[in-house]
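Asker: I have a structure here, written as structure tokens, and I will follow up with some questions on it.
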Amino acid sequence: MEKSPEKEHPREAFGWAARDTSGVLSPFKFSRRNATAKDVYIKIIYCGVCHSDLHFCRNEWGFSAYPLVPGHEIVGEVTEIGNEVQKFRVGDKVGVGCMVGGCDTCAECNNDSENYCDNTILTYNFIYHDGTRTYGGFSDKIVVEERYVLRFPDGLPMDAGAPLFCAGITVYSPLRYFGLDKPGLHVGVVGLGGLGHLAVKFAKAFGVRVTVISTSPSKQKEAIDKLGADSFLVSSDEVQMKDAVGSMDGIIDTVSAHHSLMPLIDLLKKHGKLVMVGGPDKPLELQIFPLLTGRKQVVGSCTGGMKETQEMIDFAAKNGITADIEVIPMSYVNTAMERLLKGDVKYRFVIDIANTLNPN
Amino acid sequence: MSLSSEEHPQPAFGWAARDSSGLLSPFNFSRRVNGENDITIKIFYCGICHTDLHFIRNAWNSSSYPMVPGHEIVGIVTQVGSKVQKFKAGDKAAVGCVVGACHACPNCEQSLEIYCSKSILTYNSTNLDGTRNHGGYSDNLVVNERYAVLFPETLPMDSGAPLMCAGITVYSPMKYFGLSEPGKHVGVVGLGGLGHVAVKFAKAFGVKVTVISTSPAKQQEAIHKFGADSFLVSTDEGQIQAAVDSMDGILDTVSGVHSISPLISLLKAHGKLILLGAPEKPFELPVFPLLMGRKMVVGSACGGMKETQEMIDFAGKHNITADIELISMDYVNTAMERLARGDVRYRFVIDIANTLLPLAHP
């Protein structure tokens, strides 16, 4: 008979889990494996709340298994290391993002793009090498193979740095990979939420000119005055959109809701790139002529490999880039999920795990 | 009754469509004086591109009549302007889809004239002086030397003509998107004018090629005639499933309405689906598969002049020509009907020099 989550592994662990498709989270006792030779044990201090957590908790993608402990924007401290671990010592500050395993042998794993490995193991809701389910960072501790742990730089606050492990890398990776990081280029950012506000910050740090494209005129002041965007377009304003036609080298589209691609494609210069990092779940209409006559690309991107995640977090520390966050106690998480659904957060919730996740 | 459209000093004769029926008929018109940067070409052959069919029937609502189509032109230079450097009289020359651009923008600076916002197409386009352009279903053409390529001696003029559109349309994206590197695996969707030429170029690059088609009947030719390594029937779910995640890139040459979701599934991570055809309805783009594999969907049209010269030289070196059916000028309307049905292996080419007979004036 299958062991219960509490008895599956030798070390006690505690977190909050969703139990069913309502997505409501509640206290959950479970267990973690012992550290093997390559593992790093981490006491979790903070964990960001990502929109993916919401999707998974409510089984919106159809493959959630309950109980489900979400959380893949993890920052903590090393408490134990396996005897083959080389990069970390007890006491080090570390981060963990969206993956905790892969095949380690395929072309993707060998090319520092573990996130595209066919056998990637996600931080939660996936099956680990030992056949057990993975549980995420809404918990007190996590044990992760060294390859999938990042060094957390000094000079970066742990709470506001946590969202970089998913939101940060998700926008950093395509800005770099698609060459949208060169000073003088013009990049659009669609949507000013968890992903979008970080895209603006990274792009500005690269010396790129940034235009935020949003349905909400009320976001203009923050986009420009607080986040440093160079300009702002209201996507439903036909005149503004027409004036900006053919002006952007690339666009990072962070919006998951169903929306029209063609006005965004029109904003691109010839050979421009529309990078989708949000995941609308229904197909979007794509007209061919603008692509043909402009050699324009629509491309997707999903998180990033471990090497570039380390590069990203180091770059963030050097350039003072953190997420704009609202720190919450664990007990607030269900309210936070409701507010996240309405877009009522500037711009990421981060759970104060160390101080508020209490087994009692 | 005069059929002429005399805006220029040099007489010309061709066949033009008069309205959206697309029926072509004899047409007297004129060409500009050969300027200092121009060459005049006596046209020998002109390929029939599917785009010609679309334009003569006003499929894209942008046609202006009378229209002389044709942008797969090969001929002999009869006159060169005083500043012309690349050509002399007697040279073989070829012209493709574009005959002018601004020459000052970043696209022109990189010899990507086709992507210049002021590009002037070979036909159905307006010149700087406000007159309309007429294409290669005609006896002569005057063109700025920048927009003509030296046609290799080793290449037959008739079966080389389609390379000026079909050839560059597949060559350009294969080069630009890194699909010409030996060892890559490229899919070619559709085995028509573009598709068969794509297979030939890809094999010459040393790339593994899978032809993807709705017609099982094309398998024999794909493999034995054109040298494709394998063949997939796109409506066969089992075959598609077996090939998921196997291709570095796919050239989609199909103009009919079709789904791109199965094609996206055939791509490896970081793979590229290159759309070359122009279906009448928009595609439905599933976003998740793009995200999960960092996959790309992109469009491409013709190519720049520098790479067109490179392409035709490569074809000359590797003996790449189109498979053609040579026709007389007066067969052109029948050819258009057959092209609309896909009934051609694989490009019609008009024998202009021998069969384009001037209209007898009354």
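Nothing in this text is a laboratory measurement; each read-out follows from the coordinates by a stated rule. Just so we're clear, the structure is a prediction, and the values are computed from it rather than from any experiment. Neighbour counts are summed over all protein chains in view; Cβ atoms, including those assigned to glycine, are modelled from backbone coordinates with ideal geometry.
Asker: Take chain A, connect every pair of alpha-carbon atoms lying under 10 Å apart with a spring to form a Gaussian network, then pick out the residue of A:M99, A:M312, A:M262 with the largest mean-square fluctuation.
Answerer: In this elastic network of chain A, the residue with the biggest mean-square fluctuation among A:M99, A:M312, A:M262 is A:M262.
Asker: Is the shape of the stretch A:167-300 rounded, prolate or oblate, going by the alpha carbon gyration tensor and its root eigenvalues a ≥ b ≥ c, with a/c under 1.5 for rounded and a/b larger than b/c for prolate? Don't skip to the end; give the middle numbers.
Answerer: Details: a/c = 1.31, a/b = 1.21, b/c = 1.08.
Note, shape of the stretch A:167-300 comes out rounded.
Asker: DSSP loop GluC sites (Glu not before Pro) in the stretch B:277-362 with at most 12 other Cβ atoms within 10 Å of their Cβ, which ones?
Answerer: Working: sites: B:E280, B:E284, B:E307, B:E310, B:E325, B:E337; in loops: B:E280.
Hits after loop and neighbour filter: B:E280.
Asker: Further question on the same structure: Could you compute the net charge surrounding B:A89? Neighbours are other residues with a C-beta less than 14 Å from the C-beta of B:A89; K and R count +1, D and E count -1.
Answerer: Values: positive: B:K42, B:K86, B:K88, B:K92; negative: B:D38, B:D91, B:E145.
In short, +1.
Asker: Could you check the simple spin-label distance between B:H8 and A:K226, using points 7 Å along Cα→Cβ, in nm with one decimal?
Answerer: Calculated label separation equals 6.1 nm.
Asker: Let me ask something additional. I'd like the antiparallel share, as a percent to the nearest 5, of DSSP beta bridges with both residues in the protein assembly as shown.
Answerer: Details: 76 of 128 bridges.
In the protein assembly as shown, approximately 60 percent of DSSP beta bridges are antiparallel ones.
Asker: Now, a different point. In a solvent-free Debye calculation with one equal scatterer on each Cα, what is log10 I(q)/I(0) for chain B at q = 0.10 Å⁻¹, listed in the order of the q values?
Answerer: Debye intensities relative to I(0), on a log10 scale: -0.60.
Asker: Taking 25 Å as R0, compute the FRET efficiency from the Cβ-Cβ separation of A:Y332 and A:D20 and round it to 0.05. Provide the component values of the computation, followed by the final result.
Answerer: Working: r = 20 Å, r/R0 = 0.82.
Computed FRET efficiency for A:Y332 and A:D20: 0.75.
Asker: Report relative contact order for chain B in percent, whole number only (criteria: Cα-Cα under 8 Å, sequence separation at least 6).
Answerer: 18
Asker: Have a look at A:V149, A:V210, A:V239 and tell me which one the Gaussian network model of chain A (Cα, springs below 10 Å) gives the largest fluctuation.
Answerer: Judging by the Gaussian network model, the answer is A:V239.
Asker: Using alpha carbons only, what's the Rg to Rh ratio of the stretch B:222-362 with Rh from Kirkwood?
Answerer: Reported Rg/Rh, Kirkwood definition of Rh: 1.06.
Asker: May I ask you to list the chymotrypsin sites (Phe, Trp or Tyr not before Pro) in the stretch B:224-326 that are in a DSSP loop and have at most 10 other Cβ atoms within 10 Å of their Cβ?
Answerer: none
Asker: Considering only DSSP beta bridges whose two residues both sit in chain A, what percent are antiparallel, to the nearest 5?
Answerer: Of those bridges, close to 55 percent are antiparallel.
Asker: Further question on the same structure: First obtain the Kirkwood hydrodynamic radius of the protein assembly as shown from its Cα pairs, then insert it into the Stokes-Einstein equation at 4 °C and 1.567 mPa s, and state the resulting D in µm² per second as a whole number.
Answerer: 46
Asker: On to the next question. Can you figure out the FRET efficiency of A:N358 with B:T235, using R₀ = 56 Å and their beta-carbon distance, to the nearest 0.05?
Answerer: Between A:N358 and B:T235 the formula returns 0.45.
Asker: Report relative contact order for the stretch A:167-300 in percent, whole number only (criteria: Cα-Cα under 8 Å, sequence separation at least 6).
Answerer: After rounding, I find 21 percent.
Asker: Still on this structure: Using 29 Å as the Cα-Cα cut-off, could you pick out the over-long pairs in B:K272/B:K306; A:K43/A:K342; B:K42/B:K306; B:K268/B:K317; A:K7/A:K346; A:K182/A:K221?
Answerer: A:K43/A:K342; B:K268/B:K317; A:K7/A:K346
Asker: Could you tell me whether the stretch A:267-355 comes out rounded, prolate or oblate from its Cα gyration tensor? Rule is a ≥ b ≥ c as square roots of the eigenvalues, rounded for a/c under 1.5, then prolate if a/b exceeds b/c, otherwise oblate.
Answerer: Here the stretch A:267-355 falls in the oblate category.
Asker: Using the Karplus curve 6.51 cos²θ - 1.76 cosθ + 1.60 with θ = phi - 60°, work out ³J(HN,Hα) for each residue of the stretch B:329-342 in order, rounded to whole Hz, and write x for Gly and Pro.
Answerer: Using θ = phi - 60°, the values come out as 4, 6, 8, 4, 5, 5, 4, 4, 4, 5, 4, 4, 8, x Hz.
Asker: What net charge is computed for the residues neighbouring B:C165, neighbours being all others with C-beta under 11 Å from the C-beta of B:C165, Lys and Arg scored +1, Asp and Glu -1? Mind dumping the intermediate values first?
Answerer: Details: positive: B:R347; negative: B:D52, B:E72.
Local net charge: -1.
Asker: Let me ask something else. Using a Förster radius of 56 Å, what is the FRET efficiency between A:K346 and B:N333 based on their Cβ-Cβ separation? Nearest 0.05, please.
Answerer: 0.30
Asker: Which of rounded, prolate, oblate describes the stretch B:166-299, given a ≥ b ≥ c as roots of the alpha-carbon gyration tensor eigenvalues and a/c under 1.5 marking rounded, otherwise prolate only if a/b is larger than b/c?
Answerer: Note, shape of the stretch B:166-299 comes out rounded.
Asker: Helix-derived [θ] at 222 nm for chain A: sum -39500 (n - 2.57) over DSSP H runs of at least 4, divide by residue count, nearest 500? Intermediate values should be presented prior to the final figure.
Answerer: Numbers: 11 runs with 83 residues, N = 360.
That calculation yields -6000 deg cm²/dmol at 222 nm.
Asker: Per DSSP H run of n ≥ 4, the term is -39500 (n - 2.57); total these for chain B, divide by its residue number, and report the mean residue ellipticity at 222 nm rounded to 500 deg cm²/dmol.
Answerer: About -6000 deg cm²/dmol.
Asker: May I ask you to list the chymotrypsin sites (Phe, Trp or Tyr not before Pro) in the stretch A:58-135 that are in a DSSP loop and have at most 10 other Cβ atoms within 10 Å of their Cβ?
Answerer: Taking the stretch A:58-135 and a limit of 10 other Cβ atoms within 10 Å, the loop chymotrypsin sites (Phe, Trp or Tyr not before Pro) found are A:F63.
Asker: Please compute the contact order of the stretch B:108-250 in relative form: average sequence separation of alpha-carbon pairs under 8 Å and at least six residues apart, divided by the residue count, as a percent. Please report the intermediate quantities before stating the final value.
Answerer: On the way: 158 pairs, mean separation 23.1, N = 143.
Reported relative contact order: 16 percent.
Asker: Another question about this same structure. May I ask what percent, to the nearest 5, of DSSP beta bridges between residues of chain B are antiparallel?
Answerer: Once the DSSP bridges in chain B are tallied, antiparallel ones form about 55 percent.
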